[in-house]
Amino acid sequence: MVQVDISQLSGTCNVWREKLRLYREKLNNDEAKLREVAGKSLSKEQLKDVEHLHNQFHIQLINIHDLKQAIKAHDRKMNFEKVAFNGNVNEDSYTRHESLQEEYQSLEQTLNDLQIEFKEFLKGI
């Protein structure tokens, strides 16, 4: 058993899920903007960019959903362990928490890069 404050880890999970919810809203808004732009007269290259961005928005929305579900399951497991193991978290759960943190940070970087790519695309329209 690892002596870790489960409430702190659980709080971190809640922060991640809330930020992912905000990213999801932003992507949905950007996707709506992209649909507006797609209705305009665009060059062949710009149409390729629209398709690429649409695909990326879709993929990242799936990634957000999957990571949110993994975080939720992890949080539930830690809260079970809190009761079952007198407030201690299993070593595997702590390792999983660190792994989820890496996944979250990687996804966050991908989403930020996609935002930059989308803004650059809109400047060229």
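The values are calculated or read from the model by the stated rules, or taken from the named source; none is laboratory data. Here the structure is a predicted model, which means the values were calculated and not measured. For neighbour counting, all protein chains shown are included, and Cβ atoms are generated from backbone atoms with ideal geometry for every residue, glycine included.
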Inset, instruction - Return the residue satisfying two criteria in turn: it lies in the stretch 84-124 and is surrounded by 12 or more Cβ atoms within 10 Å (Cβ to Cβ) and under 20 Å from residue 37 (Cβ atoms), and of such residues it is nearest to the chain's Cα centre (by Cα). - result: 111
Legend entry - Output for the stretch 69-83, where each listed residue is surrounded by 14 or more Cβ atoms within 10 Å (Cβ to Cβ), without any contact (Cβ under 8 Å) to a residue 40 or more places away in the chain and farther than 23 Å from residue 23 by Cα: 77
Inset, instruction - State whether one or more residues within the stretch 11-21 are among the acidic types (Asp, Glu), surrounded by fewer than 17 Cβ atoms within 10 Å (Cβ to Cβ) and modelled with pLDDT under 95. - result: no
Inset, instruction - From 30, 92, 66, grab the single residue that is assigned to a helix (DSSP H, G or I) and under 27 Å from residue 122 (Cβ atoms). - result: 30
Inset, instruction - Quickly run through the stretch 51-68 and pick out the residues that are farther than 13 Å from residue 24 by Cβ, without any contact (Cβ under 8 Å) to a residue 40 or more places away in the chain and surrounded by 14 or more Cβ atoms within 10 Å (Cβ to Cβ). - result: 54
